[in-house]
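Just below is one structure, and these are the notes that go with it.
The numbers here are math on the coordinates, done by the rules we state, and not lab data. As the structure is a prediction and not an experimental result, all values here were calculated from the model. FYI the Cβ positions are ideal-geometry reconstructions off the backbone, even for glycines, and counts take in every protein chain you see.
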């Protein structure tokens, strides 16, 4: 049965070439981007947003021109949680490519510069659920108050690998490279290569 289905797929490849399906998917993505764009604070020209997994607070999110955000992204800008109010802002620059399954979440401020490239499964957060105080550890994590150690800034032309986490209060300088699987907990100067958990600078260019 599996062989038959495989052969059937081969036959259909002559009738409906892959390039047609690829074009169809691009059209669907553009339609979806246009449909959802008016919810955002700003949505740039020729920007493509693939189908999101979750979108909260789009009115606080700006995306520049010619930027692509991959499939199943989670974009959340929280202005309130458990009675606490926040002033969130997420700004993604122009010419960026954000990989599939990205999770970008803010209660304060996250700024991503121009021409930033990321792999899949990126996490950028300026907040966390509670602190390490004993009073919070006895509560369900979802009910702990959101706190922030500061804004996150990713400057222009940064290259971020897959499965990277960037935590609050961090600035990554222009032209830097963050290795796959890294957890960034401190500032990374411009033109640096950083890897590891926590991320450490291994080379400055």
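Would you calculate, for the chain, the mean residue ellipticity at 222 nm contributed by helices, counting each DSSP H stretch of 4 or more residues as -39,500 (n - 2.57) and dividing by all residues, to the nearest 500?
-6000 deg cm²/dmol
Taking springs between alpha-carbon atoms closer than 10 angstrom, which of 36, 188, 104 fluctuates most in the Gaussian network model of the chain?
36
Please report the antiparallel percentage of the DSSP beta bridges confined to segment 41-204, to the nearest 5.
Looking only at bridges with both residues in segment 41-204, the antiparallel portion is about 15 percent.
Could you calculate the FRET efficiency of residue 8 with residue 79 from 1/(1 + (r/R0)^6), where r is the beta carbon distance between them and R0 is 35 Å, rounded to 0.05?
0.10
Based only on other Cβ atoms within 10 Å, what is the fewest-to-most ordering of 46, 151?
46, 151
Using alpha carbon centroids, what distance separates segment 83-161 and segment 1-42, in Å?
First find each Cα centre; the distance between them is then 31 Å.
Can you tell me the length gained on complete extension of the stretch residue 143 to residue 202, counting 0.36 nm per residue apart and subtracting the Cα distance?
My answer for the length gained is 17.4 nm.
With a Förster radius of 30 Å, plug the Cβ-Cβ distance of residue 185 and residue 32 into 1/(1 + (r/R0)^6) and report the FRET value to the nearest 0.05.
0.30
Of the residues 143, 47, 111, which exhibits the maximal mean-square fluctuation in a Gaussian network model of the chain defined by a 10 Å Cα contact cut-off?
With Cα springs under 10 Å in the chain, the top fluctuation among 143, 47, 111 is at 143.
If we count other beta carbons within 10 Å of each Cβ, what is the order of 10, 137, 89, fewest first?
Final ranking by Cβ density, sparse to dense: 10, 137, 89.
State, as an integer percentage, the relative contact order of segment 47-174 based on alpha-carbon contacts under 8 Å between residues 6 or more apart.
Contact order relative to length: 20 percent.
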